Every structure is written in structure tokens, then in C-alpha cells.
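Reading through the C-alpha cells given below for one structure.
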Amino acid sequence: KKLGVALVGLGGYSSGQLAPALQHTNNCYLAGIVTGTPAKATEWAHKYNIAPKNIYNYQNFDAIAGNKDIDIVYVVLPVSMHKEYTIRAARAGKHVICEKPMALNAADCREMIAACKKANRLLSIGYRLHFEPHTQEVMRLGQKHVFGKVTKIDTGNGFVYNGDPNAWRLKKALSGGGGLMDMGIYAIQGSRYTLGQEPVAVKATQQKTRPDFFKEVDETIFWELKFPGGAKVTGKSSYNDNWGYLNVEAEKGKFALEPAYGYGGLDGTINGKPMKIPNIIQQAAQMDDFAICVKLNKQSRVPGEEGLKDMKVVDAIYRSLDSGKWESVG
Ligand code: NAD
């Protein structure tokens, strides 16, 4: 049986990526929606053939507990709402996928993990790249020391934000931060999965060329991460530069991805030669894998703990911006 997924929040990512990807999944399907906008409910019900009894709003959401069609709730809301809806979904007896960044800070991530454990429900983060073949190749090359130990990583992720100045992404209370929370999280994670290690300390600096636009949130941040293996790791995030690369040097070779973090197709090289790896629908692979995990009652390869690891680094980067010093990750 295909498991039923309910998408909570029908914004850009749900409508542009997740719902279309759910037309290509084998182990789960789009069974329900949660939206505060009645017109969207009507449109989606028609487009995706969703039964009226599987359509919820933010007021009656908890009634999803009694709905056997819904096995998995996928939280695709502004970051400040991730914790509340993840916890409410788990308490309603549903397994949960929560989008990145997992929450406003590491403390909230810990609460979410504890709540899902208490409810005996599985929690996964929307980290699609762990199911993506170029990324998996980088993990293999780096973690298995195919060219010896990794000695150096430089990575950046960002885009030029020219959207609505009133959008939630620019409001700190709703987003938790700017380019770092939204885009930098991928670069942090890229370093972690290339090395297969957790960073112990970080030092960061920031730059704002459009302070009037980025009033509340960070625009561009540069950081250096200290890993136990001693690799030199630098990274950057931005809402004012189009970056998306991961460059890795090892003792006896090098490899790179560019684009490294998007869902429009990745590309890469190994010692300067093209990887020639086909692209897939990342979100379909990600959701299918979680559906299998639910069926087998097995922890996802991107559980809440993985989201927490990235948020611990994000928290330390913000602390370092305040202190101007190296801050330990923890
Ligand atoms: P969006 O602004 O397009 O959509 C957000 C949705 O939340 C909208 O439908 C909006 O109506 C709804 N919402 C409910 N309450 C709201 C409130 N109080 N304020 C504002 N909106 C409210 O955002 P998005 O791009 O779809 O991002 C949603 C989540 O998905 C974020 O966590 C984002 O980081 C994540 N995302 C992940 C990826 C990925 O590749 N994994 C890509 C894009 C977005």
C-alpha cells in the first residue's frame, strides 16, 4: 500500500516541487493538504484529486489524528512554524517530514526530536541531497578516502534575493535568519557529509551591501570550520550572490560539484573530468525512502538529529558574529 502524505503549507516549494514529485513516487502519494487559503484548497483538490475529508486548515489540523488516509505529515511552512506543526503532527499520531532549516535554533530542534520520540513517531528533515547520486558520490569519495584524506574544502551557497521585501524570509521572527539559515545550511552540510565528521568550532564574519533590504536578517556570511581531522574548511552563504559550489581537495586528488545544492540538476568533476552521473527527482527519492522507513519502522538517514547537527553549527556561527571569536559547536 502507498502511504498517504499531507502537505502542510502550499507555498512555492509544495506547489513547485513536492506535489509534482509526489506524482512520481512509488511508496507514497499526495493524500491530503493543510492550508489557510480556501481558494488553494479548491484548486489543489481539483488538480490532485484530493478528497474533501483530507483537506484541513490551521484551526482544525489536529483532527487529522483520526484520518487513516494520512500516514505522513510534511511541514512546508515558514521556519518559525516548523516546531509547532511537527509536534502537533506527532501528537496526532503521524510520522513527520519537516523542511529545512529544521527550526529557529538547536534548542527547538531538541524539543521536536523529543516530542516525536515520546509519540513514538519517526521524524525526518527534507534533506533531499542525501538521496541524490552526485552528492552520494562526493560522500563516498570523501568519507572513504578514495584520494586519501580530504585536506581542504571550500563551499558556498546563495542567490540574489530580489523578492517581496515583506516576505517571511526577511523577517527574523519568522525565518530565524537570512542567507545562512536558508542557503548556508547546505554548505555547512556539504562540508559535514564530505568529511563524514562533525565540526568542533567556527569563526564567522559578515557583510551587508543592501542593509535597507536586509534589515532584520543576514545577507552574506563567511566562515571557517574546525574539524577533528584537521581539514581546512571555508564556507559562505548569501542572499546577494549566486553561489552553489563545493570544491574538495584530498591528498591525492580533487573533486567538485557545481551546481552543488539545487534541485534543478547537479553536475560535478573528479580530477577535472566530468562525473557523468544522471540526475533524478530528488524529492521523489527522498519521500519514497521515508515511506519505506515508516513501513519498516526504521530511522531515516536524515532524521531530526541530522537537522539538529546543522542547527548547532548555525547557532555557533551567529554566536561568532556577535563575539568576533571562535565559538565551539555544541
Ligand atoms: P513560501 O513562502 O512559498 O510558502 C510558505 C507557505 O506557508 C505559504 O503557503 C504560506 O501561505 C504559508 N503560511 C502559513 N502561515 C504563514 C505565516 N504566518 N506567514 C507566512 N506564510 C505562512 O515558502 P517556501 O519556499 O515554500 O518555503 C517553505 C519551507 O520549505 C521553508 O522551510 C523553506 O526553507 C523550505 N524549502 C526547502 C527547499 C528545499 O530544497 N528543500 C526549497 C524551498 C523551500
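Only the coordinates and a few stated rules stand behind these numbers; no lab work does. Please read these numbers as outputs of a predicted model, since none were measured by experiment. As a convention, Cβ positions derive from the backbone with ideal geometry for all residues, glycine included, and neighbour counts pool all protein chains shown.
Observations, loosely collected:
- Qualifying strands (runs of 3 or more DSSP E) (wholly inside region 89-168; at least 2 residues being hydroxyl-bearing (Ser, Thr, Tyr)): 150-160
- Boolean, Ala204 is more than 19 Å from the chain's Cα centre (by Cα), touching a residue at least 12 places away in the same chain (Cβ under 8 Å) and farther than 20 Å from Lys100 by Cβ: no
- Any hit, region 130-141, residues being exposed (fewer than 14 other Cβ atoms within 10 Å of the Cβ) and farther than 23 Å from Glu306 by Cα: no
- Being more than 25 Å from Lys273 (Cβ to Cβ) and surrounded by 21 or more Cβ atoms within 10 Å (Cβ to Cβ) holds for only one residue in Val233, Val217, Val248, and it is Val217.
- Summed over region 1-13, residues that are near the ligand (Cβ under 8 Å from one of its atoms), in contact (Cβ under 8 Å) with a residue 12 or more places away in the chain and out of contact with any Ser or Thr (no Cβ under 9 Å at 6 or more places or on another chain) total 2.
Residue-wise test of (1) farther than 25 Å from Ile87 by Cα; (2) over 17 Å from the mean Cα position of the chain (by Cα).
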site: Asp108; (1), (2): no, no
site: Gln136; (1), (2): yes, no
site: Val150; (1), (2): yes, yes
site: Lys172; (1), (2): no, yes
site: Leu180; (1), (2): no, no
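- In region 86-107, the residues that are closer than 16 Å to Gly177 by Cα, surrounded by fewer than 24 Cβ atoms within 10 Å (Cβ to Cβ) and either more than 13 Å from the ligand (Cβ to nearest atom) or of a type in the set (Gly, Ala, Ser) (or both): Asn105, Ala106, Ala107
- Any hit, region 195-207, residues being touching a Leu at 6+ places or on another chain (Cβ under 7 Å) and either within 30 Å of Tyr74 (Cα to Cα) or within 16 Å of the ligand (Cβ to nearest atom) (or both): yes
- Criterion (of a type in the set (Lys, Arg), within 16 Å of the ligand (Cβ to nearest atom) and surrounded by fewer than 22 Cβ atoms within 10 Å (Cβ to Cβ)) met by exactly one of Lys53, Lys68, Lys40: Lys40
- When Leu22 is tested against (1) near the ligand (Cβ under 8 Å from one of its atoms); (2) in contact with a strand residue (DSSP E or B) (Cβ under 8 Å, 6 or more places away or on another chain), just one condition goes unmet, and that condition is (1).
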